[in-house]
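The values are calculated or read from the model by the stated rules, or taken from the named source; none is laboratory data. As the structure is a computational prediction, the values presented were derived from the model and not from experiment. Glycine gets a Cβ as well: all are built from the backbone with ideal geometry, and neighbour counts include every protein chain shown. For accessibility, only protein heavy atoms count, side chains too; no ligands or nucleic acids. Shrake-Rupley method; radii C 1.70, N 1.55, O 1.52, S 1.80 Å.
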Amino acid sequence: QVKKQCDQKLLIRMKTKCVPCPLNLDTQCPAGYTKITNGTGIPDCRYYLEIKTHTLSFPGCRHHCVKEFEQPECCQGHWGPDCMGE
């Protein structure tokens, strides 16, 4: 039996919204994503607060999330929706 289907595993990465670090403890990743950072997350961003005519910028935290995704693909020498061969 020749293998026709050679699915590719893709890792999709995303970051949650930047918020004040103490508030980031409870931040969850979107459905289907796994959180790969702990605690308050990574302090690598800034969030903004608008006060009357001014916008203030503060250092904040966010979490990094990943999702594994299988991309259907045919093995070499096969093609089409059913991965038919030579």
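Tabulated data for the structure shown
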| quantity | calculated |
| --- | --- |
| When residues of segment 9-39 are limited to those that are under 30 Å from CYS75 (Cα atoms) and of a type in the set (Val, Ile, Thr), the one most open to solvent (accessible area, probe 1.4 Å) | THR34 |
| Failed item, numbered, when THR55 is tested on (1) farther than 30 Å from LYS4 by Cβ; (2) assigned to a strand (DSSP E or B); (3) in contact with a Lys or Arg (Cβ under 7 Å, 6 or more places away or on another chain) | (3) |
| Some residue of segment 17-39 being among the aliphatic types (A, V, I, L, M), assigned to a strand (DSSP E or B) and at pLDDT below 95 | no |
| Positions within segment 46-79 being without any contact (Cβ under 8 Å) to a residue 40 or more places away in the chain and surrounded by 12 or more Cβ atoms within 10 Å (Cβ to Cβ), in sequence order | TYR47, PHE58, PRO59, TRP79 |
| Filtered residues of segment 14-45 (kept if more than 10 Å from HIS64 (Cβ to Cβ), β-branched (Val, Ile, Thr) and without any contact (Cβ under 8 Å) to a residue 24 or more places away in the chain) | THR40 |
